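Colleague: The structure follows.
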Amino acid sequence: MSSRIEQLIDELEEYIESCKPKFMSNSEIIVNKEEIDELLRELRMRTPEEIKRYQKIISNKEAILNDARAKAQALIDEATVHTNELISEHEIMQQAYAQANGIVATAANQAREILDKATMEANELRTQASQYMESRLVELDSITSSAIQSTNADYERLLGSLGQYRDLIQSNLRSLHPVEDLDLHLDDQEDDDKLDVM
């Protein structure tokens, strides 16, 4: 089952694929700012939840280790009880010591193996969770950076286009008026511009 962050990344990719290409461009698209902002907002909200989930996985290391310790202690306790029973019987005391030492050694080896295995599993879980989160965050950073660059580039091109249209309009206005009325008209235009700014 995929995480919500993976679903959001898939939705971002699908949205980008579904955007219309910009006129006369193979690499640029037109995005809806509200839609992409909504996806990014939810992504920001979900990321801490995903991190908490993987931190919980990592914290399970302690539960695994505690379980291993409990099993190891149970083996040692059982070995100790058995050893005490054997030692209490005088006629087989020497045999009891030998058996007890063997049982304790076996229990200690089993306990060590359980602890080693639990530690390796816990470390593997932590490594996998960290690698997964790092890859998701790197992917998210790449998508966000790409969206920011695309939006900034579109904005700069829009300003450039508007400037060109304004220059064309002013050129057309000048061509409509005789030379003697040009200064008067430009003065009027400057007054209008000042009023618009105010």
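The values are calculated or read from the model by the stated rules, or taken from the named source; none is laboratory data. Note that the coordinates shown come from a computational prediction; the quantities given were computed from them, not determined experimentally. Glycine also receives a Cβ, built like all others from the backbone with ideal geometry; neighbour counts cover every protein chain displayed. To get the accessible areas, we keep the full protein, side chains included, count just its heavy atoms, and leave off ligands, DNA and RNA. Shrake-Rupley method; radii C 1.70, N 1.55, O 1.52, S 1.80 Å.
Colleague: What do you get for the angle between helix 33-88 and the principal long axis of the chain? Use alpha-carbon atoms, 0 to 90 degrees, nearest ten.
Modeller: Relative to the chain, helix 33-88 is tipped by roughly 10 degrees.
Colleague: In debye to the nearest 20, how big a dipole does the stretch 1-65 give about its Cα centre with +1 on each Lys and Arg Cβ and -1 on each Asp and Glu Cβ?
Modeller: Dipole about the Cα centre, nearest 20: 360 debye.
Colleague: Okay, next question. Ignoring any ligand, DNA or RNA, what whole percent of the accessible area of the chain comes from carbon and sulfur when the probe is 1.4 angstrom?
Modeller: Reported share for carbon and sulfur atoms: 55 percent.
Colleague: Related question: Does the stretch 1-98 come out rounded, prolate or oblate by the C-alpha gyration tensor, with a ≥ b ≥ c the root eigenvalues, rounded set by a/c under 1.5 and, if not, prolate when a/b is larger than b/c and oblate if not?
Modeller: prolate
Colleague: I'd like the orientation of helix 4-18 relative to the chain: the angle between its Cα long axis and the longest Cα principal axis, in ° from 0 to 90, rounded to 10.
Modeller: Long axis of 4-18 versus the principal axis of the chain: about 30 degrees.
Colleague: For the chain, with every protein chain kept in place, what is the accessible area per residue (1.4 Å probe, Å²)?
Modeller: 75 Å²
Colleague: Which order do the peptides 125-136, 12-23 come out in when sorted by mean C-beta neighbours inside 10 angstrom, highest first?
Modeller: 125-136, 12-23
Colleague: Can you order the peptides 103-111, 152-160 by their average number of other Cβ atoms within 10 Å per residue, highest first?
Modeller: Result, highest mean first: 103-111, 152-160.
Colleague: Whole-Hz ³J(HN,Hα) for each residue in the stretch 108-118, computed from phi via Karplus 6.51 cos²θ - 1.76 cosθ + 1.60 with θ = phi - 60°, x for glycine and proline: what do you get?
Modeller: Per-residue couplings from phi come out as 5, 5, 5, 4, 5, 5, 5, 5, 5, 5, 5 Hz.
Colleague: Could I ask something else about it? Of (1) 32, 20, 14; (2) 24, 20, 15; (3) 81, 15, 11, which is the value of semi-axes √(5λ) of the Cα gyration tensor in Å derived from the coordinates here?
Modeller: (3)
Colleague: Next up: Once amide H atoms are placed 1.01 Å from N in the peptide plane, what residues at a sequence separation of 5 or more from ILE29, or on another chain, have their amide H within under 5 Å of its amide H?
Modeller: LYS22
Colleague: By per-residue mean of other Cβ atoms within 10 Å, what is the highest-first order of 162-175, 84-97, 55-68?
Modeller: 55-68, 84-97, 162-175
Colleague: Place a +1 charge on the Cβ of each Lys and Arg in the chain and a -1 charge on the Cβ of each Asp and Glu, then give the dipole magnitude about the Cα centre in debye, rounded to the nearest 20.
Modeller: With Lys and Arg at +1 and Asp and Glu at -1, about 1360 debye.
Colleague: Along the charge dipole of the chain, pointing to its positive end and built from +1/-1 on Cβ of Lys, Arg, Asp and Glu, which listed residue (GLN99, LEU43, MET120) has its Cα farthest out?
Modeller: In the chain, that residue is GLN99.
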